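As structure tokens, the structure follows; a few thoughts come after it.
No lab work stands behind these numbers, since they all come straight from the coordinates. All values derive from a computational prediction rather than experimental measurement. Cβ atoms come from the backbone with ideal geometry, glycine included; neighbour counts cover every protein chain shown.
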Amino acid sequence: MDERQFTPALGRVAPARFFDFAVALTRERLWRGLAVAYAAPRPGDVVVDVGCGTGTLLQAVLRVEPTVTAIGVDPDRTLLDLARRKVATSGASARWHAATGDQLAGVVEPGSADVVMSSLVLHQCPVAVKRAILGSMFAALRPGGRLVIADFGRQRTTLMRTAFRVVQLADGKADTQPNADGIVPELMAEAGFDDVREPEWVPTINGSISIYVGRRP
Ligand SMILES: C[S@@+](CC[C@H](N)C(=O)[O-])C[C@H]1O[C@@H](n2cnc3c(N)ncnc32)[C@H](O)[C@@H]1O
């Protein structure tokens, strides 16, 4: 996939530099905290964040376990610059790569990552790209490595389906509706992940955000 072809962080509604303000409205500390808890980073782990945006998730991982090798991947160089500055300001260090999530082979040695994470990315991608990213994540992980995804998932209630329309307005229905219909765990299993589960879902002002976990056998 071409690095220039991707939906920007705030879709069609606002410049990406406003992303941190917008995402703060989504009970962000709760679902990011859950994502980090399920990732359970250990000393020295290699942790890759796919579509890392402004680096907030990796920053949370580094706060919990400062010795991880943190690798942020995103096609948007403007956001990567913000991420680099934000994480450096907090005194932590990470590596940053401009690439789409289906190109992880060029970023980390295949089979070497302990944890691959991603937040709020798959809902913005066409189904074929969701598939390609999950396949690339699978290949990046070592056997036994963990995948943790935090993203808009199955919208279980009328209230959440209605709230999710805001996201659909920004990012378009074609890419977002499969997530709302619950496609993510199916695609994870199809990519080869074992023990695929959705242990949490967090209702927010924009629809519910699910935590999905899986393991490379
Ligand atoms: C809604 S933002 C989420 C950013 C960040 N993960 C977070 O939780 O704050 C979506 C991000 O996905 C990135 N993105 C879009 N298409 C992508 C792709 N095909 N591969 C990897 N990242 C992608 C965008 O550049 C943007 O940074």
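Suppose every Lys and Arg Cβ carries +1 and every Asp and Glu Cβ carries -1, with no other charges. What dipole size does the chain come out with about its Cα centre, to the nearest 20 debye?
The dipole of the chain has a size of about 480 debye.
Hey, what number do you get for the chain at 222 nm if only DSSP H runs of n ≥ 4 count, each worth -39500 (n - 2.57), divided across all residues, to the nearest 500?
The helix-only estimate for the chain comes to -11000 deg cm²/dmol at 222 nm.
Could you derive backbone 3J(HN,Hα) for segment 87-102 from the dihedral phi with the Karplus parameters 6.51, -1.76 and 1.60 (θ = phi - 60°), listing whole Hz in sequence and x where the residue is Gly or Pro?
5, 5, 4, 7, x, 9, 9, 8, 9, 10, 9, 8, 6, 7, x, 8
If you plug each phi of segment 119-127 into the Karplus form 6.51 cos²θ - 1.76 cosθ + 1.60 with θ = phi - 60°, what whole-Hz ³J(HN,Hα) values come out, in order, with x for Gly and Pro?
For segment 119-127, the Karplus-derived couplings read 10, 6, 10, 4, 5, 8, 10, x, 4 Hz, x marking Gly and Pro.
Tell me which residues come under 5 Å, amide H to amide H, from residue 95 once H is placed; ignore anything under 5 positions away on its chain.
Amide H neighbours of residue 95: 70, 71, 72.
Determine, for each peptide in 204-213, 136-145, 53-62, the mean count of other beta carbons within 10 angstrom over its residues, then list the peptides with the highest first.
Most protected by this proxy first, the peptides run 53-62, 204-213, 136-145.
Restricting to segment 65-215, compute how many DSSP beta bridges are antiparallel as a %, nearest 5.
Among the beta bridges of segment 65-215, antiparallel pairing accounts for roughly 50 percent.
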